[in-house]
Amino acid sequence: MTAHSTGAASCPLSLGYDFYRDPQPVYRDIKRAGNKPTEIVLETGMAYIPPNLKAWLITSYADVEFVLRDPRFRKSINEAMPLFAANAPGGGDTTARSSLLYDNMANNDPPKHTALRKPVNGAFTARAVATKRAGIRALAEETLDAVAGRDTFDLVRDFAFPFSIAVICATLGVPEEDRGTFDSWVQTITSDAAPEVLKRDAGLMVGYLSDLIGRKRTAGDDDVLSLLARSLDGPEAVAQAYALLAAGYETTANLIVTGFLTLEANPLQREKLWKDRSLVPGAVEEMLRHQSPFNLSLYRYVTETAEVNGVEIPAGSIVFLAFAAANRDDERFERPDDFTLAEPRREHLAFGGGIHNCIGKHLARLEAEEAFDVLIERCPDLASLTPAAEREWKASPTFRGLKRLTVGPGPVPRRAETGAAAR
């Protein structure tokens, strides 16, 4: 790809593991160069994205909002697959990377997006989610109970992920005994595993969800999967179920962990929060802006040549929106790299925007609020024990999160031993 105006890079910027670990240095460099659309190569593949994919990166808040509204930037997974192949060396491997799992609302525009999202909109409104607070609080307590008495535990695998999986599975209606298997499949599908491994686990997920939705269709339950089963045909219901399940816990779990590390790196803000738990909702909002659990958006492609901030993006190009960059744009936020509880910046783009705003945003907020409130109440001295240099980040351009993080000191108290008043 070649730059079409000054301000775009003269050659694609290669983004690999260092970028996935911490994208902000890259975003600062782009900002210093004018914060214009930048040509990139994503070194790592995942799901339907082949490795070494050439694409465009949109980083400024104003440009991200522009692309979110402009109809020339489209989503249709079936139309995009050939474009992924065309923009990857060797043509990619669309056969090994295709799956009906990806033909969901997140990867399609209207009218398909509308038809897929409509059946479950009501289950994720702020009012509907608010009724789940007590149940979500109980799941957070139960998850921490499992490590009670231990001096250390893994905040990722022992708390954040089990808790988030429990919430989304309870919401959707996935049997409790199947959560572990489901988690292992999603971790593969959202990783940089070999195409044949992705294909295998995607196939297992399709088979499992097809069977479960078939049973839901006649069971008469009132969970989300039952709504999908009664409203959509089999393949559509399967794709929707996967989108809700995968995105419904991965981002929230990562937010809990990166939010905890951010508080640890800002001890004055942490002390303020530990003294006044009424600040938790605002803290979660600032974590969403500052840490952006979605680093890059899911793909878009350009149907015709489009100019963005003086840079021409050719028709057929793949485009990614850098929500994590937009949320720290100093043209939109004052002192954007600071984390502060004084005035949480709620106008962030952590949940995307437009018709593709995250359907689970209210649930994610509530989960994070209860997770932090429980941790503050029961583990007030919690600290990370894994040195920064030894922390392994996921090789994902979309989901930014750690694979593990040992925390302590313990022992973690049992519920009967805690006496702090609830928020």
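The values are calculated or read from the model by the stated rules, or taken from the named source; none is laboratory data. None of the values given here were measured: they were computed from a predicted structure. When we count neighbours, we look across all protein chains shown, and the Cβ atoms used for this are built from the backbone with ideal geometry, even at glycine.
Worth pointing out:
- Filter result for Glu343 (in a loop (DSSP other than H, G, I, E, B), among the acidic types (Asp, Glu), within 27 Å of Phe19 (Cα to Cα) and without any contact (Cβ under 8 Å) to a residue 24 or more places away in the chain): no
- Every residue from segment 103-128 that is surrounded by 12 or more Cβ atoms within 10 Å (Cβ to Cβ), assigned to a helix (DSSP H, G or I) and among the charged types (D, E, K, R): Lys112, Arg117, Lys118
- Of all residues in segment 50-67 being out of contact with any Gly (no Cβ under 9 Å at 6 or more places or on another chain) and part of a strand (DSSP E or B), the one that is surrounded by the fewest Cβ atoms within 10 Å (Cβ to Cβ): Lys54
- So Ala364, is it surrounded by fewer than 22 Cβ atoms within 10 Å (Cβ to Cβ) and closer than 29 Å to Gly410 by Cα: no
- Of all residues in segment 71-87, those being of a type in the set (A, V, I, L, M, F, W, C) and over 24 Å from the mean Cα position of the chain (by Cα) number 2.
- Taken over segment 390-423, residues that are at pLDDT 90 or above, closer than 21 Å to Ala146 by Cβ and either assigned to a loop (DSSP other than H, G, I, E, B) or not polar (S, T, N, Q) (or both) amount to 7.
- One residue stands out in segment 192-232 among those that are assigned to a helix (DSSP H, G or I) and of a type in the set (Asp, Glu): the one that is surrounded by the most Cβ atoms within 10 Å (Cβ to Cβ), namely Asp201.
- Residue pairs whose Cβ atoms lie under 7 Å apart, separated by 6 or more positions or on different chains, with the first residue in segment 276-294 and closer than 12 Å to Ile256 by Cβ and the second hydroxyl-bearing (Ser, Thr, Tyr) and crowded, with 22+ Cβ neighbours inside 10 Å, are Pro293/Thr251.
- Test for Ile213: is it of a type outside the set (Gly, Ala, Ser) and in contact (Cβ under 8 Å) with a residue 40 or more places away in the chain: no
- Of all residues in segment 268-307 being under 23 Å from Glu39 (Cα atoms), of a type in the set (A, V, I, L, M) and at pLDDT 95 or above, the one that is surrounded by the fewest Cβ atoms within 10 Å (Cβ to Cβ): Ala306
- Answer residue from segment 117-149, given it is within 21 Å of Asp222 (Cβ to Cβ) and β-branched (Val, Ile, Thr) and is farthest from the chain's Cα centre (by Cα) among those: Thr131
- Looking across segment 294-335, just one residue is under 14 Å from Thr398 (Cβ atoms) and basic (Lys, Arg), and that is Arg300.
- Selection within segment 129-160 - free of Cβ contacts under 8 Å to residues at least 40 places away in the same chain and either under 17 Å from Leu228 (Cβ atoms) or not in a helix (DSSP H, G or I) (or both): Thr131, Ala146
- Just so you know, in segment 146-160 the residues that are farther than 11 Å from Arg414 by Cβ and among the β-branched types (Val, Ile, Thr) include one that is surrounded by the most Cβ atoms within 10 Å (Cβ to Cβ), and it is Val156.
- Ala265 modelled with pLDDT of 90 or more and out of contact with any strand residue (DSSP E or B) (no Cβ under 7 Å at 6 or more places or on another chain): yes
- Residue ID - nearest to Glu331 (Cα to Cα), chosen from residues in segment 88-116 that are among the polar types (S, T, N, Q) and either at pLDDT below 90 or over 20 Å from the mean Cα position of the chain (by Cα) (or both): Thr114
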